[in-house]
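The values are calculated or read from the model by the stated rules, or taken from the named source; none is laboratory data. Predicted model only: the values in this text are computed from it and were never measured. Don't worry about glycine lacking a Cβ; one is built from the backbone with ideal geometry, like all the others, and counts go over all protein chains shown. With ligands, DNA and RNA removed, areas are computed over all heavy atoms of the protein, side chains included. Shrake-Rupley method; radii C 1.70, N 1.55, O 1.52, S 1.80 Å.
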Amino acid sequence: LQAGSPARNGGLNANAVDPFTNLPLTTDTRGAGFSRIEDTTVDIGAYEDASGNTSLIVTKKTDSNDLVCDTDCSLREAVSQASINFGTETITFAANVFGTLDLGGTEILISNQNVNIIGYEGLTAETLIISGDNAHRVFRLSNATVSMSGFAIANGNANAGFGGGILSENGSNLTLNGLIVRNNFAAAYGAIYLSGGTGRIINTTINNNSANTGLAIG
C-alpha cells in the first residue's frame with residue numbers, strides 16, 4: 001500500500017476471519033510470516049502493510065494541538081500523530097501552506113519516533129520558514145531519527161540552553177538536506193547542538209546565528 005492509502009487500517013477486524021472455521025485470520029493471503037493485522041487494525045484487501053510508513057499533510061500555518069492530524073492539521077499535530085503511528089512517517093505541506101509558520105510560543109518536540117519533514121524541494125528554502133519568533137527554540141529531538149529538507153529554521157531562541165534552531169539529544173540521528181538555518185540564538189551553539197547520536201548536514205546554508213559561547217554548531 002502507498003503512504004496515505006485509505007486502505008491502510010481501513011478494514012474491520014471482526015471481518016478478518018476464516019470463512020470455514022470462523023476463527024480470526026492469522027496471516028494475509030501470502031501465508032506464513034505475513035500477519036493479517038498490523039498496527040491494531042486490518043487493512044482493506046488481501047495484503048497487510050507491515051512497513052508502518054505513512055504520510056501526513058500540514059494544512060495550515062497556525063499552531064494547534066488536538067493530537068490528531070486530519071483535514072485541519074498543524075505541524076505540531078502532524079508530529080504528534082507521527083509519534084502514535086509505527087514506522088517512519090513523512091510530513092509534507094499542502095500547496096497553500098507557505099511563508100512563516102507560527103509555533104504558538106513553544107518548541108516542537110520530536111521524541112521516540114522516525115520522521116521525515118519535507119518542505120518545498122527544488123524551491124528556495126525561504127518559501128517556508130519555521131520560526132521561533134525570537135522567543136523559543138524551534139525543534140528539540142529526543143531519541144528520534146529525523147530528516148528535514150526544503151525549508152528554513154529561523155529566529156529560534158534558547159537563551160538558557162543549547163541550540164536555538166535545533167537541539168538534538170538522547171541518541172537522536174539528524175539529517176538536514178537543503179535547509180537554511182539562520183538568525184537563531186542560544187546560550188551556547190546558536191544554530192544546532194548535537195548531544196549523542198549522529199548528524200549529517202548536506203547542501204544547507206547556516207548563517208547569522210549567534211551564541212554567548214561556542215560556535216553555530218556543536
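Rounded to the nearest 0.05, what FRET efficiency do Asp102 and Ala7 give with R0 = 25 Å and r taken as the Cβ-Cβ distance? Could you check? Calculated transfer efficiency: 0.15.
Its Cα gyration tensor gives the range 1-127 an equivalent ellipsoid; the semi-axes, largest first and in whole Å, are 35, 14, 12.
Taking label positions 7 Å along the Cα-Cβ direction at both Ser195 and Asn170, the computed distance is 1.1 nm, reported to one decimal. In the chain, Cα pairs under 8 Å separated by at least six residues give a relative contact order of 12 percent.
Packing around the peptides 200-211, 65-76, taken as the average count of other Cβ atoms within 10 Å per residue, puts them in this order, highest first: 65-76, 200-211. Against the chain, whose longest principal axis is taken from its Cα atoms, helix 75-84 shows a tilt of about 40°.
Computed extension gain for Thr41 through Asp72, at 0.36 nm per residue and net of the alpha carbon distance, reaches 8.8 nm. Measuring nothing but how far apart in sequence close Cα pairs (under 8 Å, 6+ apart) lie, relative to its length, the range 97-218 scores a relative contact order of 21 percent. For Thr127, the solvent-accessible surface computed with a 1.4 Å probe is close to 40 Å², ligands and nucleic acids excluded.
Average accessible surface for the chain: 47 Å² per residue, computed with a 1.4 Å probe over protein heavy atoms with every protein chain in place.
Take the alpha carbon atoms of the range 67-89, find their center, do the same for the range 151-218, and report the distance between the two centers in whole angstrom. Cα centroid to Cα centroid, the span is 24 Å. Computed over the alpha-carbon pairs of the chain, the distance histogram in 10 Å steps reads 9, 31, 30, 16, 10, 4, 1, 0 percent, short to long. From most to least packed by mean Cβ count within 10 Å, the peptides 158-164, 17-23 give 158-164, 17-23. Direction-averaged projected area, Cα convex hull, the range 78-178: 6.2 nm², rounded to one decimal.
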